Amino acid sequence: QVQLVESGGGLVQPGGSLRLSCAVSGSRFGFYLMGWYRQAPGKQRDMVATISSLGIKNYADSVKGRFTISRNNAKNTVDLEMNSLKPEDTAVYYCYQQDSRGSWGQGTQVTVSS
């Protein structure tokens, strides 16, 4: 059974940084595209960043230059380094694995506020 467990969320002031991590178990991690998505209250879930099995990265325009996605296939983890955070980055952040059914973590809250 595939499990994705996020960690690292919290409250941070505007301009601050956070690092999210997702630990994956029960899957052939290295074969799959991995991603981070976010959902703000009353809004749809949107892609933040993805990284392919070959390490090709893709970012939403709103986070380019501020966020960095990375993966460690030996440890089955995918991280999201978030810098220069803005209030509009406030959301629940979800880890995603593009396997046959599309697997999601439970989400971790990120709040950017002074």
Residues located in region 81-114, provided they are aliphatic (A, V, I, L, M), assigned to a strand (DSSP E or B) and either more than 17 Å from Ser21 (Cα to Cα) or touching a Gly at 6+ places or on another chain (Cβ under 8 Å) (or both):
Val92, Val110, Val112
Look through region 10-31, keep the residues that are at pLDDT 95 or above and closer than 14 Å to Cys95 by Cβ, and return whichever of them is most open to solvent (accessible area, probe 1.4 Å).
Arg19
Does Val92 satisfy the criteria of being out of contact with any Cys (no Cβ under 8 Å at 6 or more places or on another chain), at negative phi, open to solvent by less than 40 Å² (accessible area, probe 1.4 Å) and without any contact (Cβ under 8 Å) to a residue 40 or more places away in the chain?
no
Say we look at region 44-57 and pick out the residues that are within 20 Å of Glu88 (Cα to Cα) and not hydrophobic (A, V, I, L, M, F, W, C); which of these is nearest to the chain's Cα centre (by Cα)?
Thr50
Of the residues Gln106, Gln98, which single one is at pLDDT 95 or above, closer than 16 Å to Gly8 by Cα and open to solvent by 30 Å² or more (accessible area, probe 1.4 Å)?
Gln106
If we keep only residues of region 32-43 that are under 16 Å from the mean Cα position of the chain (by Cα) and open to solvent by 20 Å² or more (accessible area, probe 1.4 Å), then the residue farthest from Lys75 (Cα to Cα) is Ala40
Considering only residues that are open to solvent by 70 Å² or more (accessible area, probe 1.4 Å), over 22 Å from Val5 (Cα atoms) and charged (D, E, K, R), which ones fall in region 58-89?
Asp61, Lys64, Lys86, Glu88
Six or more apart or on different chains, Cβ under 7 Å: which pairs go from a residue in region 51-76 that's free of Cβ contacts under 8 Å to residues at least 24 places away in the same chain to one that's part of a loop (DSSP other than H, G, I, E, B)? Could you list them?
Ser52/Leu33; Ser53/Tyr32; Ser53/Leu33; Arg66/Asn83; Arg66/Ser84
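The values are calculated or read from the model by the stated rules, or taken from the named source; none is laboratory data. The model shown is predicted, which means the values in this text are computed figures rather than measured ones. Every residue, glycine among them, receives a Cβ derived from its backbone with ideal geometry; neighbour counts consider all protein chains shown. Only protein heavy atoms, including side chains, enter the accessible area calculation; ligands, DNA and RNA are left aside. Shrake-Rupley method; radii C 1.70, N 1.55, O 1.52, S 1.80 Å.
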